[in-house]
Amino acid sequence: MSSRAAATARIVQQNSIIVLIALLVALAGLIEVIRPGAVNANWVSNILEFAAPLGILAAGQTLVVITGGIDLSVANVATAAAYIMASQAPFGVTRGIVAGLLVGVVVGLVNGVGVAVFRVQPLIMTLAMGLVVTGTLNVYSQAAVRSVPGVPAVIHTLGSGTVLEYVPVSLFLWAVLAAVLIIGLRGTGFGRLLYALGDNQEATRLAGVRGWQVLLTNYMACGLLSAVAGIVLAGTVNAADLSLANILLLPSVAAVVIGGTSIFGGSGSYSGTAVGALILTVLNSVLTLLDVPDAVKQVLYGAIIVLLAAAYTRVLGRD
Amino acid sequence: MAAAPNDDSLTDSGSLLEASGLAKHFGPVVALRSADLRVRGGEIHALMGANGAGKSTLVKILTGALTADGGTIRLGGRARTFRSTSEARKAGLICVYQDPSLLPDLTVLQNLILTATPISSFRRYLADLGLGGFDLSTMPRELARPTLSLLDLARALAIEPQLLLLDEITASLPADLTSRVFSVARQLRAEGRSVIFISHRLAEVSALCDRATVLRDGKTVGVVEPAQGGEERIVKLMLGPVAEEVAAEAASPSTPATGAVAVEVRDLKAGTLNGVSFTLRFGEVLGVAALEGQGEKELFDCMAGVRRPESGQILVGGKARSFGHPADAIRAGLVLIPADRLQALLRQRSVRENIALPFVNRIARWGPINPRREKRRVATAVKRLQIDTRVTSEVRRLSGGNQQKVGIARWLAGGFKTLLCFDPTRGIDIGTKRQIYGLVKELAANGSAVLLFTSELPEIQLACNRVIVLFGGELVDEMPASDADERALLRAAHGLPSEEGE
């Protein structure tokens, strides 16, 4: 690489978030070209509303990927949390929400014990836990629930209500969580340790860090965020069925990767992931506007994600 | 570029191999600056040098495992560049390394077929090496290491090389097998073929080799005939100017430490380490001298909480401690600087985050970081070690020496009582080395205790007050640094009794 190209790469690398935002704006521009007038306040409001649950789901994923792991149970956890929240809501909405969040924490705990204490590969551990969660949820729905539970009004407002006509309520929750994550990752000891473990577990151990404590806590945090995402999503679509969030598993990983977090761990940020979630939501909107069959839509969606990831690697010179 | 010296090219017209000006660097690390090597036909030629002098790199370039950045290789008068080991092999150059290279899960015969080795010739050389009647359907996994080394050697010989390179092959061989290797090497010489022999054992070199080329810091510094009392010269060349400095240092002998006992090790056993006891005092740098694999790694790992000892005790401040994790050792004030810098560093993270890592190593410190306080502590350590960098840049972009400094700065900032330095200067340039030794002495002078293992024996006197010597997992000798010249250390490290009249 010439020194000039290297200098450019460095500038881009240090400001990758700007590149991502530019991409986001370009995609919005594309929509405006395809259908003039489509990009308006209402559209923006819609995008934010649908990006919020994905953004929160991808938040947990970001935490895990930074440590060099991956959580393939996030979508199952989100679905289960939403379903249990809805089925428990008739006994009190608070009880429902607590029960839903508890699902996330418990699954996160089991994932954490498997990965951090028994050293099971994160991929295998969370894939297996995802299956366990889905299976258990099916049993639960057949044994304990007679009809598909409805979503309580509060949650419906949380997921699809707006303030001042256009600002989604879920955006407030997402913004608060995003602020906590961005500041927490940069400015707390726990955040530092996530990057440290993702970069070099042995070095972190030699520095006197008991990594299992960090990883265990982190998988629990991821589970909790997944549960929050599931509950918000239930409010957005106003339903809590047995496959509610399952389509969001791969987008949750894609948002992280597009956002510039290394899949091998040790670097990345939540701000990138948040923009990544917005890009994926807008991309979905573009494909919907193109009015192509679902199968073609999937092919394009997959292909574009690959292109983005490849371009990213090239521009940023990441391994 | 200056014209290559052409002084002895006439007398050396019989050269089989002529390598001149070979250079190689890996990122910012220079492994080879300018290496020259001339090997005649029918000669056993030793390649000598301290650790990190560039021997392995040179061997790898000669056999095509690495490509040089600069310099030329002439084989039989023709300029050659080998892009792979198979190219070098076709030209008659093959190397046998210290670690046997047979695939463990194929039979020996399958291994031979895989490398297109002539079987009958292999059998013949095997017989020469004393392994006649060997069963070729054996799995290498089931064989002892010395046997594997001999099989590896026979496999190399079977392709009838013009030039055979032996890279520390005798390191894992008992004496009787070593003599068999020697007789095969002499047999090759008698046939007009050549051998390049690498060993740390001077006695072997003077017994076997016609000439020796000495490397230091990636440069050829001399060619010596070891048989004619050249051993002393080889040692002097290998050591370089450090030797003179050692002499100067030794003239002002460091006082024995009288501080309180920092750590006491009692009858420690772990792996190779077989019952070692000693005390380490505050205010002293205690050197550990050992050839590789004498239990020194286990000793440091146990003291740093990286592994648990099988038996024995480690007492800190008079109390027996059990370290199940490095965190336990760190809490007791014992911190480790490993030889492999990258083992201790976060390559993608900034210098600051690397140095600040121990600040957050407990649950109680998972909360918000005070950036101003952190910056101040890191800046102090960076300044003290003169780390040449912007603090925010990634550690992987630093040179090896600066990386090692970051590893040390971490503990200067984080606090410790006892520093365990395991070969901290491996592969580091001389300037940084001296700086690190200066720092280690200063730390001890300020009241810390330092345990220092270095694979470079002449440097023991530079940094230490006292030395213990490990051999075969046992503590075989202890001496003040003033007596620990390289000769004394080498003898002790080989398990020889100290010389009479000393």
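Here are some notes:
- Highest mean first, the peptides A:262-268, B:114-120 sorted by other C-beta atoms within 10 Å per residue fall in the order A:262-268, B:114-120.
- Whether the stretch A:43-122 is rounded, prolate or oblate, judged on the alpha carbon gyration tensor where a/c under 1.5 counts as rounded: oblate
- Computed lengthening from A:VAL163 to A:SER45, 0.36 nm per intervening residue step minus Cα-Cα distance: 41.4 nm
- Neighbour-count ranking [beta-carbon atoms within 10 angstrom, fewest first] of B:ASP423, B:ASP105: B:ASP105, B:ASP423
- A helix-only calculation puts chain A at -25500 deg cm²/dmol for mean residue ellipticity at 222 nm, using -39500 (n - 2.57) for each DSSP H run of at least four residues, averaged over all residues.
- Backbone N within the stretch B:440-476 under 13 Å of label point (7 Å from B:ARG145 Cα along the Cβ vector): B:472-473
- Stretchable slack from A:LEU307 to A:LEU109, in nm (0.36 nm times residue separation minus alpha-carbon distance): 67.8 nm
- With contacts taken as Cα pairs under 8 Å and at least 6 residues apart, the stretch A:75-148 reaches a relative contact order of 31 percent.
- Taking trypsin sites (Lys or Arg not before Pro) as exposed when DSSP calls them loop and at most 13 other C-beta atoms lie within 10 angstrom, chain A has its longest site-free stretch at A:147-319.
- Chain B - mean residue ellipticity at 222 nm from DSSP helices (-39,500 (n - 2.57) per run, n ≥ 4, rounded to 500): -9500 deg cm²/dmol
- Sparse-neighbour loop sites [trypsin sites (Lys or Arg not before Pro); the stretch B:337-423; at most 14 other C-beta within 10 Å; DSSP]: B:ARG390
- Linear extension gain, A:PHE91 paired with A:GLN201, 0.36 nm per residue minus alpha-carbon span: 35.1 nm
- Site pair B:ARG362 and B:ARG233 shows an inter-label distance of 6.1 nm when each label is modelled 7 Å from Cα along Cα→Cβ.
- Whole-number D in µm² s⁻¹ for chain B, Kirkwood Cα-pair radius fed into Stokes-Einstein, 20 °C, 1.002 mPa s: 87 µm²/s
- Lys/Arg +1, Asp/Glu -1 at C-beta; the protein assembly as shown dipole; positive extreme among B:PRO480, A:ASN40, A:SER269: A:ASN40
- Shape call, the stretch B:349-450: gyration tensor on alpha carbons, a/c limit 1.5: oblate
- The amide H of B:VAL195, built 1.01 Å from its N in the peptide plane, has B:GLU43, B:ILE44, B:HIS45, B:LEU164 as neighbours under 5 Å, considering only residues 5 or more places off or on other chains.
- Enclosed volume per residue, in Å³, of the convex hull spanned by Cα atoms of the protein assembly as shown: 218 Å³
- Reach of B:LYS60 by Cα under 24 Å, taken over lysines that are not fewer than 8 positions away in the same chain: B:LYS24, B:LYS90, B:LYS219
- Residue exposure sequence - B:TYR437, A:TYR270 - by fewest surrounding Cβ within 10 Å: B:TYR437, A:TYR270
- Candidate cross-link partners of B:LYS417 among the lysines, defined by an alpha-carbon separation under 23 Å and a same-chain spacing of 8 or more, comprise B:LYS297, B:LYS319, B:LYS375, B:LYS383, B:LYS405, B:LYS433, B:LYS441.
- Per-residue mean of C-beta atoms belonging to partner chains within 10 Å, peptide B:436-449: 0
- For the stretch A:136-245, the set of chymotrypsin sites (Phe, Trp or Tyr not before Pro) satisfying both a DSSP loop assignment and a count of at most 16 other C-beta atoms within 10 Å is given as A:TYR166.
- Backbone phi angles across the stretch A:196-212, fed through the Karplus curve with coefficients 6.51, -1.76 and 1.60 (θ = phi - 60°), yield HN-Hα couplings of 4, 5, x, 7, 6, 5, 5, 5, 5, 5, 5, 7, x, 9, 8, x, 4 Hz in residue order; Gly and Pro are listed as x.
- Listing B:ILE159, A:ILE97 from fewest to most neighbouring C-beta atoms within 10 Å gives B:ILE159, A:ILE97.
- Taking all Cα pairs closer than 8 Å and separated by 6 or more residues, the relative contact order of the stretch A:3-316 comes to 34 percent.
- Taking every alpha-carbon pair under 8 Å whose residues sit at least 6 apart, chain B reaches a relative contact order of 15 percent.
- Inter-chain shielding of B:345-358 (mean C-beta neighbours from other protein chains, 10 Å cut-off): 5
- Taking a ≥ b ≥ c as the square roots of the eigenvalues of the Cα gyration tensor, an a/c ratio of 1.5 or more together with a/b no larger than b/c marks chain A as oblate.
- Radius of gyration, Dmax [the stretch B:252-493; alpha carbons; angstrom]: 17.5, 55
- Per residue of B:332-344, other chain Cβ atoms within 10 Å of the residue Cβ number 2 on average.
- Result for chain A in a Gaussian network model with C-alpha springs under 10 Å: among A:VAL106, A:VAL176, A:VAL74, the largest mean-square fluctuation is at A:VAL176.
- Spin-label zone in the stretch B:92-125 - amide nitrogen under 13 Å from a point set 7 Å from the Cα of B:LEU136 along the C-beta vector: B:107-125
Every number here is computed from the coordinates shown, using simple stated rules; none is lab data. Here the structure is a predicted model, which means the values were calculated and not measured. With ideal geometry, Cβ positions are generated from the backbone for all residues, glycine too; neighbour counts draw on all protein chains shown.
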